[in-house]
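Undergrad: One structure coming up, written as C-alpha cells, with questions to follow.
What follows draws every value from the coordinates through simple rules; no lab data is involved. Here the structure is a predicted model, which is why all the values come from computation and not from measurement. Methodologically, a virtual Cβ is constructed for each residue, glycine included, from the backbone with ideal geometry; neighbour enumeration extends over all protein chains shown.
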Amino acid sequence: QVQLAESGGGLVQAGGSLRLSCAASGRTFIGYRMGWFRQAPGKEREFVAAISWRTVYTYYTDSVKGRFTISRDNAKNTVYLQMNSLKPEDTAVYYCTAGDSAGTVSSAGLYDYWGQGNQVTVSS
C-alpha cells in the first residue's frame, strides 16, 4: 500500500514559519518528482512547489518564491516544505504528491500519488 503522510501543519501568526513533512511508505520514489499543492476553501487546487529526484531542479509558484523552500531526503523517503514569512493568503490544505510523468510540473494531473492533506492556517 503506497501512502504519503503529511505532518507539521497548524495555526501560525502572519510572518511566522512552519515546516511540512511528507513521509512516503509502501515504496521508494526512485526517479520521481515530488511536490506540494494546496487548496483553499472555494478555490481550485494550485501548485506550490516541486523537486526533482536528484534535487537538481526545484520549481515554485510565483507567490511563494523567496519564502518557501522545498527539499527531500531520499534515504528517509521524505520531502519537506519550509514555509517562512507566512501570509493569510497561504491558508489552505497542503497536499504532498509524487509523479514520474513528463510535462508541466504545475499540473495536478501529472502526479500519481497524493497525501490526505494537512491544514495550514495563517492568522492576520
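Undergrad: Quickly work out the D62-to-Q3 label distance, labels modelled 7 Å from Cα along the C-beta direction, and quote it in nm with one decimal.
TA: Label at Q3, label at D62, 4.0 nm between them.
Undergrad: Between R27 and residues 5 or more places away or on another chain, which pairs have amide H atoms under 5 Å apart, with H built 1.01 Å from N, and which residues are they?
TA: Q3
Undergrad: From the mean inverse distance of alpha carbon pairs (Kirkwood) and the Cα radius of gyration, derive Rg over Rh for segment 83-124. Don't jump to the answer; show the numbers that get you there.
TA: On the way: Rg = 13.0 Å, Rh = 12.0 Å.
Reported Rg/Rh (Cα atoms, Kirkwood Rh): 1.08.
Undergrad: Viscosity 0.692 mPa s, temperature 37 °C: give me the Stokes-Einstein translational D for segment 1-54 in µm²/s, with Rh taken as the Kirkwood radius over C-alpha pairs.
TA: Working: Rh = 13.3 Å.
Approximately 246 µm²/s, per Stokes-Einstein.
Undergrad: Starting at the first residue of segment 51-60, write each ³J(HN,Hα) from the Karplus equation 6.51 cos²θ - 1.76 cosθ + 1.60 with θ = phi - 60°, in whole Hz, x for Gly and Pro.
TA: For segment 51-60, the Karplus curve yields 9, 7, 4, 8, 6, 5, 10, 10, 9, 9 Hz.
Undergrad: G16's amide H: which non-local residues (gap 5+, or another chain) put their own amide H closer than 5 Å, with H modeled 1.01 Å from N in plane and none for Pro or chain starts?
TA: Placed amide hydrogens put L86 under 5 Å from G16.
Undergrad: Okay, moving on. Taking each pair of different alpha-carbon atoms in segment 36-83 once, compute 1/r for the pair, average those values, and report the inverse of that mean as the Kirkwood hydrodynamic radius in Å to one decimal. Don't skip to the end; give the middle numbers.
TA: Values: mean 1/r = 0.0862 Å⁻¹.
Taking the inverse mean of 1/r over all distinct Cα pairs, segment 36-83 comes out at 11.6 Å.
Undergrad: Thinking of the chain as a set of Cα atoms, what percent of all their pairs are more than 26 Å apart?
TA: Summing the P(r) tail past 26 Å for the chain gives 13 percent.
Undergrad: Anyone know which of T55, T91, T104 comes out most mobile in the 10 Å Cα GNM of the chain?
TA: Among T55, T91, T104, the largest mean-square fluctuation in the Gaussian network model of the chain belongs to T104.
Undergrad: Please give the residues of segment 85-124, grouped as numeric ranges, whose backbone N is less than 14 Å from a label point set 7 Å along the Cα-to-Cβ vector of A40.
TA: Residues 86-94, 120-124 qualify, since their backbone N sits under 14 Å from the label point.
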